[in-house]
Amino acid sequence: MRIASLILLIMACASCSVEAPPGLEVQLDPIAERYVRLALALGEHDEDYVDAYFGPADWREQAKEEALGLSAIIAAADQLVAELEALDPAGAERHVALRHNYLLSHTSSMAAIGRMRSGASLSFDQESKALYGFVAPSFPREHYERAQQKLNALLPGEGPLHERYQAFRQQLKIPEDKVKAVVRKGLEACRERTGQHMTMAEGENFSLEFVSDQPWSAYNWYLGNGQGLIQINLGRPKYLGTSIGLGCHEGYPGHHLFSTMLDTEYRQRRGWVEFSVLPLFSPQGIIFEGSGNLASLVAFPGDERTAFLRDVIAPIAGLEDVDFDAAAAVREAVKGLRYAGIEAARHYLDGDWSKEQTTEWLTTYALVGPESIDAWFGFTARYRAYRINYTLGEDLVTAFVRARNPDADPEGDWQALAELLSLPPTPALFADDR
Ligand SMILES: [Zn+2]
């Protein structure tokens, strides 16, 4: 008996010694499952955290039953971070190395959320770094005053610049009874153009709903297996550019397409279970929102945007009298003010500015109209530093696209956008010079 055991032991050891150690991808599999289960556990404490889950149904049931406390979630997330840091991604295949970074950045972000929900107080910049991996640049008032000079020249007249801007914007506002038709047409056009340049998963689809009383203007809910729900908030004003702005951002080649690509390639084909959950407050947020913002620029580059709005959308909206060249010039001039909203959120949430001071800044430099001020505060209170993901995300994603083709305009660059959307969305993408 003893001898037989010894022989078996020797045989087992002999076979051990010739087998290669498990590769990084295999080592990550059990960590990925623990990450998903922890995300579901954290979702029990924060109703916004799990934006979508389409993995095994019993994992969610177990998370509910187990009702893990925040301190246990933080400890488990810290443990995952330590285990991931002990693994070396050097030499791994590109997607696997990015997977490692994805899991590391997402578990680290999860631990930070757990601490915030337990009462930890982070500054705006600390929060954006901990949750999304980046800090947005900060500019003084003079930066915005300089940026406004161009706009001032485009909108001559009496009264403060923000009032002239709001008056100009009114001519671009879609009448309420036309919003649904305009949104449908925009989504249809974004989907059609995307289909001409990118491969869409078979059977992918979305449904469209019109809602009100929400802190956002539109939302894409990914449901798994290529299916999605896009909600449009009719309670927020919609302008001509909204048609393709929202259509491409929420739909194609924005959130719906991106979610579908990740689901198809990573969860379904490679069996990477971490792609069965989409945590809202996480590093992928900056790539989702950044690529969402870039989406309409790729689908409608340069003059194509103006031509489409003039020839297709304006007749549906009954806004044929708009001066489209002036609208395009104003839109370009406003770009210099892009970070003004983030500056306001930073100072307001850090307690440096009162609501009145913040409102004054928003009105003057971010050009937020009076009908949108309450919504701005509602969104900022609920999503906080998530706000950086749109503007800074667009800049990061645009830099990624530009690096692929330094001589080309990132607008209209379908190939580089397709490459970005085919990779695990993680901060290492922006440190990756391949
Ligand atoms: Zn978005």
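The values are calculated or read from the model by the stated rules, or taken from the named source; none is laboratory data. The shown structure was predicted, so the numbers you read here are calculated from the model rather than taken from an experiment. Glycine gets a Cβ as well: all are built from the backbone with ideal geometry, and neighbour counts include every protein chain shown. Protein only, heavy atoms only, side chains kept; ligands, DNA and RNA dropped before computing areas. Shrake-Rupley method; radii C 1.70, N 1.55, O 1.52, S 1.80 Å.
Annotations
- Residue ID - nearest to residue 102 (Cα to Cα), chosen from residues in the range 289-301 that are open to solvent by 10 Å² or more (accessible area, probe 1.4 Å) and within 11 Å of the ligand (Cβ to nearest atom): 289
- Every residue from the range 251-273 that is open to solvent by 10 Å² or more (accessible area, probe 1.4 Å) and in contact with a strand residue (DSSP E or B) (Cβ under 7 Å, 6 or more places away or on another chain): 255
- Helices (runs of 4 or more DSSP H) fully within the range 360-434 counting 2 or more residues that are under 21 Å from residue 127 (Cβ atoms) and either among the basic types (Lys, Arg) or away from the ligand (no atom under 16 Å from the Cβ) (or both): 373-383
- No other residue among 61, 44 is of a type in the set (Asp, Glu) and touching a residue at least 12 places away in the same chain (Cβ under 8 Å) apart from 44.
- Within the range 90-119, the residues that satisfy the criterion of being more than 17 Å from residue 275 (Cα to Cα), aliphatic (A, V, I, L, M) and in a helix (DSSP H, G or I) are 111, 112, 113, 116.
- The combined condition, being in contact with a strand residue (DSSP E or B) (Cβ under 9 Å, 6 or more places away or on another chain) and not acidic (Asp, Glu), is fulfilled by residue 284.
- Every residue from the range 211-240 that is open to solvent by less than 50 Å² (accessible area, probe 1.4 Å) and either outside any strand (DSSP E or B) or away from the ligand (no atom under 13 Å from the Cβ) (or both): 211, 215, 216, 217, 224, 226, 229, 237, 238, 239, 240
- None of 87, 68 is in contact with a His (Cβ under 8 Å, 6 or more places away or on another chain) and outside any helix (DSSP H, G or I) except 87.
- Residue match in the range 348-357 (condition: modelled with pLDDT of 95 or more, farther than 19 Å from residue 155 by Cβ, open to solvent by less than 30 Å² (accessible area, probe 1.4 Å) and not in a helix (DSSP H, G or I)): no
- Qualifying residue in the range 127-137 (condition: free of Cβ contacts under 8 Å to residues at least 40 places away in the same chain, open to solvent by less than 60 Å² (accessible area, probe 1.4 Å) and part of a loop (DSSP other than H, G, I, E, B)): no
- Within the range 248-267, the set of residues being within 12 Å of the ligand (Cβ to nearest atom) and either of a type in the set (Val, Ile, Thr) or in contact with a Cys (Cβ under 7 Å, 6 or more places away or on another chain) (or both) comprises 248, 251, 254.
- Every condition in (1) within 11 Å of the ligand (Cβ to nearest atom); (2) open to solvent by 10 Å² or more (accessible area, probe 1.4 Å); (3) small (Gly, Ala, Ser); (4) over 16 Å from residue 179 (Cα atoms) holds for residue 245 except the one numbered (4).
- For the range 167-210, the tally of residues that are under 30 Å from residue 422 (Cβ atoms) and part of a helix (DSSP H, G or I) stands at 15.
- Boolean, residue 378 is under 22 Å from residue 218 (Cα atoms) and open to solvent by 30 Å² or more (accessible area, probe 1.4 Å): yes
- In a residue-by-residue description of the range 54-65, the property of being modelled with pLDDT of 65 or more, aliphatic (A, V, I, L, M), out of contact with any Cys (no Cβ under 8 Å at 6 or more places or on another chain) and closer than 18 Å to residue 278 by Cα applies to at least one position.
- As a summary of the residue check, residue 332 satisfies the conditions (1) under 19 Å from residue 395 (Cβ atoms); (2) within 13 Å of the ligand (Cβ to nearest atom); (3) acidic (Asp, Glu) except for the one numbered (2).
- Sole residue being open to solvent by less than 20 Å² (accessible area, probe 1.4 Å) and either within 12 Å of the ligand (Cβ to nearest atom) or of a type outside the set (Gly, Ala, Ser) (or both), chosen from 286, 316: 286
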